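Structure first, then comments.
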Amino acid sequence: MSDSKKRFNIKPFRTHVPMDRNAAQQIWEILANAIDEIYNRNASQLSFEELYRNAYNLVLHKHGTLLYDGVTEKLSSHLLNTVNRLADIEETKLLDEMASTWSEHQITMVMIHDILMYMDRTYVQQQRRRPVYPLGLHLFRITVWEHPRIKDRVTQLLLDAIAAERAGLLTDDRSLLKASINMLLELGRADFSNVYERDFDRLFLGTTQEFYRNESLSYLSQNSATAYVSKAIKRLEEERERSAALALPATTEAPLQNIVETELIERHARTLVDMENSGFAALLKDDTKLEEMREMYDLFIRVPSSVDNLRDALAERIKADGKKLIEDQQKGSSDPPAFVRGVLAMRERYERIVSVSFRGEKKTQKRMREAFEDFLNVDARASSCLAVYVDELLRTGLRGATEEQVTEQLQKVIIVFRYLSDKDVFESFYKQHLAKRLLGNRSVSDDAERAMVSQLKAECGYQFTSKLEGMFNDMRISRDMRDTYKNYRRSQSQQQGKLDMEVDVLTNGYWPSQNVPPCTLPQLVQDAIKNFETFYLEKHTGRKLSWQTSAGAAELKGVFGKGPNKYNRHELCVSTYQMCILLLFNTEDTLTLGQIRTRTHIPDMELRRHLISLCTPKHRVLRKGSKGRGITSDDDTFSFNEDFSSKLKRVRIPLVKESSVVRADAAGGNPAVAGVAVAAAAAANSGIDGSIPLPVEEDRRHLVEAAIVRIMKARKTLHHNDLIAEVTKQLSVRFNPSPQFIKKRIESLIEREYLERSNDDRRVYNYCA
């Protein structure tokens, strides 16, 4: 076992023999010849292991400076030969030769770097000198690229090649352009210099801006806006594709895109909108140009600030169309429902434009809404017209409609309702029309009525619809009361057949106020009223019934004709006023206007309106003694028309509009009477002409004062501007009070000692507890 043990022999240290200068120079000559062979493309015959060992030994024996300086000199020598060759090459071959030279230089420097890798790791780092590969690129830049016959010519060739591409001409392979650009980028990165930016990028961006500025001006002056948009989109796509193909850096691609977008879009945005016949403003007039408008939007959205021009054009078009609708309504060429139908058609049209052409952009939807609000809130006309339209819709427009169709129609109404600031004006008119529909049983569908109220409640809250819901509740209670009253009459052994009366008992606070004094009713009706009052007050003590004779309806059995075999019997559906007028002719054959007024006490305007309704050619139950359509004086006579006939057994006699009475009276030749009629009609139609109805004005005063007191009671002390803002915010769901209006109500409350001004600041208010 002792023999198997390995023996260790300790030898003496070798004596370090330093390499002398001559030996180092000989080794360098070997490396220099190798570099020459690499440049001559004979690298396959070299032993890179041996070359690496030689370079290693030179550095190891402290001859790194000799090696580094020798490599630098050798590279410079070869690059001088290269630049002398390239300087005399003609332009047609220069890019190709430059790309080939650069590629060979990179390969050469990779091989040399591999040989001198140990020098890079030790000597270069210790002496803080440039590594071999970056050294080769640095020498290439200062020797080859920056030569006067190279840099300027290559740069111009690059710019010319790109310009030729833009002009649609055939150019050299893009690989040459890409190689040249990559060369500049690589030289800059290796040398920490701005070669690419200094020698190419600035010139490239400058020539690009000049090119597109000239081309856009020239093309736009000779072509339509839509053709220009197509051209611009194509150009932008070309530049994007070219940037990707040439591998342009982000520092160039972003400014390049910005320059092209500025010159093609931003600089001509206003012109493309206003251009006659083909601009965006002109396209808005044509429903078939949605695709063209979308192309323009897709172009403009690349420069977001330019889209404001499209939004402005859309808003101006909406306002112009809306102004025309208002003018037509003012002139009388369209009635309120036609005005609202026009607004709905406008809204549907522009909603489609925003959805398709603007791709449903939120900012454009907001501008569209603001434009509608702008022209609809010029006055209170839109609020009153919308109420009339809803009345027509709920009376006749939804007959036979499915639940989905009803919901769709009401949703359209609510969309317009959202645009209104005078929502209280709409409520006032809607309540009046709803009262007529409910009392006259004219609604096409109770479900549709309740659906409309539900929509309004969802929009404006419970307070907005509390009175409307109260009206529905009154009608429900009244229906139950009718059945009870019928049983009551039977129990009282009342004679059946003389007069059947149905009464709707309404809560005064829910229904539109009726300040019209009651007319004189026939004795038979008065007896029926007394009987109902006895019945009602037995059940409800402490209540008072006030009869609204201007809102009732009646059915009369009329006998017309002469002789026993020529009688015509008809059932006439008339208003209460018409009933009072017709029953007078049971005892009289002829009566004057003055006599009818004295016996019935019907207001003059309503009396004339009801008489004209009974004298129309279609329903001529009465004959008017004077000629013409109007009623000229109190002496005008009216007589019962025994010759009246109709194909219908049951004849409904409608009332003429107030405006018809005004025109007829004005044509009659009595200026005084005509003036009264005009004034009465104006009061009846207040709001349709854009004014705020007086009852609404009064309600607004109370609402503003209540809001002020409510806010001040909670806050105790508040600055004037803060109080104005709070009141406006609270009341915006019903209407937008002006600061002047609020200020007047504040002054009124101060006079009544609800508020007081602060002694320290007159614009601060204190609540008086």
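Each row is one residue, and each column tells you yes or no for (1) at pLDDT below 85; (2) surrounded by fewer than 18 Cβ atoms within 10 Å (Cβ to Cβ).
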{"site": "565", "(1), (2)": "yes, yes"}
{"site": "571", "(1), (2)": "no, yes"}
{"site": "603", "(1), (2)": "no, yes"}
{"site": "609", "(1), (2)": "no, no"}
{"site": "622", "(1), (2)": "no, no"}
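Do we have residue 754 as buried (at least 16 other Cβ atoms within 10 Å of the Cβ), among the aromatic types (Phe, Trp, Tyr) and touching a Lys or Arg at 6+ places or on another chain (Cβ under 6 Å) here? No; evaluated as a whole, the condition is false for this residue. Residue-level analysis places residue 371 outside the set of residues that are of a type in the set (A, V, I, L, M, F, W, C), in the same structural domain as residue 453 (by TED's automatic domain parsing) and at pLDDT below 90.
Here is a yes/no grid of residues against (1) under 18 Å from residue 100 (Cα atoms); (2) surrounded by 19 or more Cβ atoms within 10 Å (Cβ to Cβ):
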site	(1), (2)
163	no, no
166	no, no
178	yes, no
181	yes, yes
195	no, yes
198	no, no
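Restricting region 314-356 to residues that are without any contact (Cβ under 8 Å) to a residue 12 or more places away in the chain and of a type in the set (Ser, Thr, Tyr), the residue that is nearest to residue 261 (Cα to Cα) is 355. Of all the criteria given as (1) touching a residue at least 60 places away in the same chain (Cβ under 8 Å); (2) surrounded by fewer than 18 Cβ atoms within 10 Å (Cβ to Cβ); (3) touching a Phe, Trp or Tyr at 6+ places or on another chain (Cβ under 8 Å), the one not satisfied by residue 440 is (3).
With respect to residue 93, determine if the residue is farther than 30 Å from residue 158 by Cβ and assigned to a helix (DSSP H, G or I).
Values: farther than 30 Å from residue 158 by Cβ: no; assigned to a helix (DSSP H, G or I): yes.
No, not satisfied.
How do the helices (runs of 4 or more DSSP H) wholly within region 551-634 filter down when requiring 2 or more residues that are over 52 Å from the mean Cα position of the chain (by Cα): which remain?
Details: elements: 576-584, 593-600, 604-614.
The qualifying helices (runs of 4 or more DSSP H) are 576-584, 593-600.
Residues in region 339-358 that are out of contact with any Leu (no Cβ under 6 Å at 6 or more places or on another chain) and farther than 21 Å from residue 418 by Cβ: 0 in all.
The one condition from (1) farther than 27 Å from residue 177 by Cβ; (2) within 60 Å of the chain's Cα centre (by Cα) that residue 117 does not meet is (2).
Residue count for region 208-257, restricted to those that are surrounded by fewer than 16 Cβ atoms within 10 Å (Cβ to Cβ) and of a type in the set (D, E, K, R): 7. Of all residues in region 635-663, those being within 54 Å of the chain's Cα centre (by Cα), under 15 Å from residue 610 (Cβ atoms) and at pLDDT 85 or above number 4. Here is the figure for region 244-281: residues that are without any contact (Cβ under 8 Å) to a residue 40 or more places away in the chain and more than 21 Å from residue 166 (Cβ to Cβ) total 5. All conditions in (1) of a type in the set (D, E, K, R); (2) without any contact (Cβ under 8 Å) to a residue 40 or more places away in the chain; (3) surrounded by 19 or more Cβ atoms within 10 Å (Cβ to Cβ) hold for residue 311, with the sole exception of (2).
Restricting to region 519-545, give me the number of residues that are over 14 Å from residue 503 (Cβ atoms), outside any helix (DSSP H, G or I) and modelled with pLDDT of 85 or more. Looking only at that region, the number is 4.
The values are calculated or read from the model by the stated rules, or taken from the named source; none is laboratory data. These numbers come from a predicted model, not from an experiment. Positions of Cβ are generated from backbone atoms using ideal geometry, with glycine treated the same way; all protein chains shown enter the neighbour counts.
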